[in-house]
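In what follows, a single structure is set out as structure tokens and then discussed.
The values are calculated or read from the model by the stated rules, or taken from the named source; none is laboratory data. Everything quoted here is computed from the prediction, not taken from an experiment. Quick reminder, even Gly has a Cβ in these numbers, built from the backbone with ideal geometry, and neighbours come from all protein chains shown. The area values use the complete protein model at the heavy-atom level, side chains included, leaving out ligands, DNA and RNA. Shrake-Rupley method; radii C 1.70, N 1.55, O 1.52, S 1.80 Å.
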Amino acid sequence: MSINVISSIEITTRLEALGLKAPPLINAVQAGESARKTATENHPSNAGGILAFLATVKAVRDNLVPQGWAVRCLKNLEVTVSPDGSHGLIVTGGDRNTGIEGVDPKSRNPKGSQTARFVHNNQQFDFWPDTVAEPESKELPPNTWVLMYFSDSQKEEVRVELSLPIAIDDRARISEWKERIFLGSFPSGSFTPSPDAEFDEEQAIPVVRKSTQ
């Protein structure tokens, strides 16, 4: 059910409608890949993926917050929300189908209940586009996009897309998309990333309540 946006003119126009531009998004993923490379064999096995995620989110916000986008953490899910509140953006790693036309990618890791809520909210607005519906929760933007990336060690490239999810499969991975905007790829260099253990972006940074006793 994916609607693919392919030509450079279409990409620029579609991104502008969302208040976004391609170069800063690609630069954010590049910052994440640079952070991934700092993980050593003495780090935990999922460190590379976590470092890439954290750096990508930061770089996205470094660009968007000065433009009026808002930083929000909703039940441990990091979301960056447009100035008018009409859409949000989250970051995740994808599988090897990321950035490739004609095949639907999935998120690399299983997602938690909060991501599922965001995806369900997208689905509501997808199937009834001509109705004014109340979102599942007023804390959720009507649509939430995913900046997704995949580091392909075989092709030595990192592929990037910005896509609108509408379904999660029985393994809790984002699996179906209303729209996919292909942002291209960049060389990953001589670095070959080691396989990262799975982690849930909703729980990448644990929050511990301080005891009052």
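Of the residues making up region 56-98, those that are touching a Pro at 6+ places or on another chain (Cβ under 8 Å) and at positive phi are Gly68, Gly85.
Got at least one residue in region 15-30 being assigned to a strand (DSSP E or B), open to solvent by 50 Å² or more (accessible area, probe 1.4 Å), farther than 15 Å from Ser163 by Cα and free of Cβ contacts under 8 Å to residues at least 12 places away in the same chain? Within region 15-30, not a single residue is assigned to a strand (DSSP E or B), open to solvent by 50 Å² or more (accessible area, probe 1.4 Å), farther than 15 Å from Ser163 by Cα and free of Cβ contacts under 8 Å to residues at least 12 places away in the same chain. Residues in region 24-45: is at least one at pLDDT 95 or above, polar (S, T, N, Q) and touching a Gly at 6+ places or on another chain (Cβ under 8 Å)? No, the conditions are met nowhere in region 24-45. Screening Arg61 with (1) surrounded by fewer than 14 Cβ atoms within 10 Å (Cβ to Cβ); (2) modelled with pLDDT of 95 or more gives one miss only, at (1). Is it true that Asn143 is over 15 Å from the mean Cα position of the chain (by Cα), of a type outside the set (D, E, K, R), crowded, with 17+ Cβ neighbours inside 10 Å and modelled with pLDDT of 75 or more? No: the conditions fail for Asn143.
Scanning region 167-213 for residues that are under 18 Å from Lys111 (Cα atoms), open to solvent by 100 Å² or more (accessible area, probe 1.4 Å) and at pLDDT 50 or above yields a total of 4. Against the conditions (1) modelled with pLDDT of 95 or more; (2) open to solvent by less than 10 Å² (accessible area, probe 1.4 Å); (3) assigned to a helix (DSSP H, G or I), Leu89 satisfies every one except (3). Take the conditions (1) modelled with pLDDT of 95 or more; (2) crowded, with 16+ Cβ neighbours inside 10 Å; (3) not aliphatic (A, V, I, L, M); Gly48 misses just one of them, which is (1).
Among the residues of this structure, Leu54 does not count as one that is open to solvent by less than 20 Å² (accessible area, probe 1.4 Å) and either in contact (Cβ under 8 Å) with a residue 60 or more places away in the chain or out of contact with any Gly (no Cβ under 6 Å at 6 or more places or on another chain) (or both).
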